[in-house]
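The values are calculated or read from the model by the stated rules, or taken from the named source; none is laboratory data. Being a predicted model, the structure only gives us computed values, none of them experimental. Using ideal geometry, Cβ is built from the backbone for each residue, glycine included, and neighbour counts are taken over all protein chains shown.
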Amino acid sequence: MSACLQPNGMMMASALPERSVESVRPGWSLDTLAGRLVEVSGGAATAALSASAALILQAQQRGELAAWIGGGGATFFPPDFAASGIDLEALPVVRVADAAQASKVADTLLRSGGFALVVLDLGGKAKLPLAVQTRLVGLAKKHRTALLVITRKNYRESSGGSLASLRGETEKRRAGHDCFLCELRVVKDKRRVPGWRYTEMCRGPDGLC
């Protein structure tokens, strides 16, 4: 396991059964993403699930709720999420047929005001209509919920949500035996200068990264 340690000692995902809230860096946290529409994307070597897992775990460690909405074959690998310390029984998962249904479920969850984080895994290259984005962004701001949208594309392609306050491109790179460097590079950020990065070392490729 020590081979997977970063210089600052952090490990990610299935590398440890638990991880403290403090291990999530300030730029990529519920505090900085609250009330915002955030899009994370990536190609074949995406690390979007690792980035989302960090936020889900942080919400649960705070005693707050996170929910996952996904469809079109897009989902996470439950054993990896469990190995990262995420309580699967406390993570509502809603399966939908398409982006239209996903946006309706997101609307309902956001209106409840009971969630710190709602993950909307659109998969593929689906986009949210502008009117839908406007409504969801308004609800996210009202209830200070982080709305995280996951897409499968590279940053040069058009955004799945043009009203996204922050957009990041993710990728993973092998860094050793059973070790991968998972990185999120921010290409758009309305609240700070884009270009900052969030990185963590992950163990095992089963599904999380």
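Values for this structure:
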read-out: Yes/no for Pro79 being surrounded by fewer than 17 Cβ atoms within 10 Å (Cβ to Cβ), under 18 Å from the mean Cα position of the chain (by Cα) and not polar (S, T, N, Q); value: yes
read-out: Selection count where residues are of a type in the set (Val, Ile, Thr), over 23 Å from Lys127 (Cβ atoms) and either modelled with pLDDT under 75 or within 15 Å of the chain's Cα centre (by Cα) (or both), scope the stretch 183-209; value: 1
read-out: Number of the condition not met by Asp107 [criteria: (1) modelled with pLDDT of 90 or more; (2) outside any helix (DSSP H, G or I)]; value: (2)
read-out: Selected residue [surrounded by 17 or more Cβ atoms within 10 Å (Cβ to Cβ), out of contact with any Gly (no Cβ under 9 Å at 6 or more places or on another chain) and among the hydrophobic types (A, V, I, L, M, F, W, C)] from Val137, Val149, Val118; value: Val118
read-out: Pair list, Cβ under 8 Å, 6 or more apart: the stretch 111-125 residue without any contact (Cβ under 8 Å) to a residue 40 or more places away in the chain, other residue β-branched (Val, Ile, Thr) and outside any loop (DSSP other than H, G, I, E, B); value: Lys125/Thr151
read-out: Residue that is surrounded by the most Cβ atoms within 10 Å (Cβ to Cβ) [pool: residues in the stretch 152-182 that are modelled with pLDDT of 85 or more and either among the hydrophobic types (A, V, I, L, M, F, W, C) or part of a loop (DSSP other than H, G, I, E, B) (or both)]; value: Cys182
